[in-house]
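Visitor: Got a structure here, written out as structure tokens. Questions coming.
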Amino acid sequence: MKRMLWLDGVSHRGPEVEPFIHSLLGQPERFVLYIAGAGFDPRASHLALIVRKTHARRKGIFLRENRPEPEQALLDRAQANEDSLRDAFPDSEVISIEIFDEDYAVVGGHRIVTELRRRLRDENGLNGITDVIVDMSAMSIGISFPIVGLLFELLRNCAGGPNLHVVAAAGGPEVETAIVAEHAENYQNPWGFKGASSPGDTPVRLWIPQLANPKKGAFGILFEELDPAETCPVFPFPAREPRSVELLLDQFGDELSRSWGVDPRQMLYAAEDDPLDLYRTLSRIHVSRKDVYDRLGQPSETVLSPIGSKALAIGALLAAMEHALPVAYVEARRFEPPPAGFNEDADPDRFVHVWVLGEVYPQPDADSL
């Protein structure tokens with residue numbers, strides 16, 4: 001089996017993240033481009049404020065995801081987060097992205113890739129940059145995955161180019177499942193994550209959803225439309241909440257035992273705050289399964305649905321980029337404030353960093369990617 005790109009990947013979790021950022025950006029010759037969401041999510045500026053305290057030069061690109069009929073309370077929160085990010089990065093701009101067009105087609109990923117490609121490649125916006133940090137804390141999958149995918153393509157064969165980092169203030173299930181979303185009626189693939197299957201293929205499809213409550217409606221749409229031959233759900237374990245697996249088994253009991261037909265041996269487990277743990281699991285499953293079906297002359301496909309934890313979503317993102325795996329999710333049409341309100345407190349124990357590309361890794365050959 002070909003060696004995994006991030007088998008020995010550099011990552012930091014919890015209280016390791018802030019000291020690492022200060023160490024990395026402690027030299028004034030560092031020049032960081034920080035890309036983050038400027039939405040209503042309370043975690044939007046937690047990591048940006050750490051970067052602000054370093055000696056590095058910095059500039060920011062902040063994204064406002066616009067959806068139909070937003071709640072005024074959420075707009076007010078988004079504006080406050082934008083103001084905080086602009087204060088931390090005086091050299092910055094905000095890009096407003098319409099997630100849906102007039103016909104409710106999902107277009108946000110394509111639009112943000114178009115905007116960033118123009119700024120970073122066509123207008124040489126990476127000139128002098130030593131580190132690009134993508135903060136996924138307050139971005140949707142439909143925006144964050146295309147951004148990291150674009151940067152990976154731009155930078156992976158760029159000798160001496162900027163380092164690429166992905167960070168998130170994960171928040172944990174108590175934060176990430178508190179926001180109430182009204183979902184679209186069909187599933188989508190983030191821009192650039194439709195997979196490598198050829199037209200006309202009828203692959204034997206394995207679906208790997210990352211379970212999270214209260215998004216049961218989205219999982220129902222995904223299962224019905226994907227119609228997988230096999231389903232291997234991901235449970236967070238070890239987890240800070242010892243009963244996390246038990247709670248998810250209770251919430252998804254009917255789906256697991258009836259609709260999806262999941263045998264307990266098909267259940268996957270990944271450390272709640274460790275992206276590389278899930279990345280390695282997904283990579284091994286996909287490569288081993290593909291080898292078997294290739295020997296049989298049968299096309300196969302592994303579809304990821306990382307719509308739970310931000311930390312585990314990073315692991316799925318890495319696996320999808322390396323193996324050209326399709327990602328399926330259901331876009332949110334609108335959000336509502338959580339009934340119990342937002343938890344504004346930063347939780348350093350939930351911070352995550354993965355060094356995706358750059359000086360800590362051997363320069364890969366193009367043929368190895």
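The values are calculated or read from the model by the stated rules, or taken from the named source; none is laboratory data. Predicted model only: the values in this text are computed from it and were never measured. Reconstructed Cβ throughout: ideal geometry from the backbone, glycine too, with neighbour counts over all protein chains shown. Each accessible area value is taken on the protein alone, full model and side chains, heavy atoms only, with ligands, DNA and RNA left out. Shrake-Rupley method; radii C 1.70, N 1.55, O 1.52, S 1.80 Å.
Visitor: Let me check something: with ligands and nucleic acids excluded, how do 290, 194 order by accessible area (1.4 Å probe), largest to smallest?
Guide: 194, 290
Visitor: Suppose the chain between residue 3 and residue 124 were pulled fully straight at 0.36 nm per residue; how much longer would it get relative to their current alpha carbon spacing?
Guide: Here the segment from residue 3 to residue 124 would lengthen by 40.3 nm.
Visitor: May I pose another question? At a 10 angstrom cut-off on C-beta neighbours, averaged per residue, how do the peptides 50-62, 334-346 rank from highest to lowest?
Guide: 50-62, 334-346
Visitor: Could you check how much of the accessible area of the chain is carbon and sulfur, as a whole percent, using a 1.4 Å probe?
Guide: 48
Visitor: Fully extended, how many nm does the chain gain between residue 117 and residue 27 (0.36 nm per residue separation, minus their Cα-Cα distance)?
Guide: 29.6 nm
Visitor: Could you give the C-alpha radius of gyration of the range 229-345 expressed as a fraction of 2.2 N^0.38 Å, taking N as the number of residues it contains?
Guide: 1.19
Visitor: Something else now. I need the helices of the chain that pass two filters: whole DSSP H segments spanning 18 Å or more by Cα along the axis, and mean Kyte-Doolittle score no lower than -0.5.
Guide: Going by DSSP H runs, the hits are 141-155, 310-323.
Visitor: With a 1.4 Å probe and all protein chains kept in place, how much accessible area does residue 291 have, in Å² rounded to the nearest 10?
Guide: Counting only protein heavy atoms, the figure is 70 Å².
Visitor: Based on the Cβ-Cβ distance of residue 229 and residue 185, what FRET efficiency does E = 1/(1 + (r/R0)^6) give at R0 = 30 Å, to the nearest 0.05?
Guide: Computed FRET efficiency for residue 229 and residue 185 comes out at 0.80.
Visitor: Could you give me D for the chain, from Stokes-Einstein at 4 °C and 1.567 mPa s, where the hydrodynamic radius is the Kirkwood radius over C-alpha pairs? Units µm² s⁻¹, please.
Guide: 62
Visitor: Please work out how much length the chain gains when fully extended from residue 93 to residue 257, using 0.36 nm per residue of separation minus the C-alpha to C-alpha distance, in nm with one decimal.
Guide: 54.2 nm
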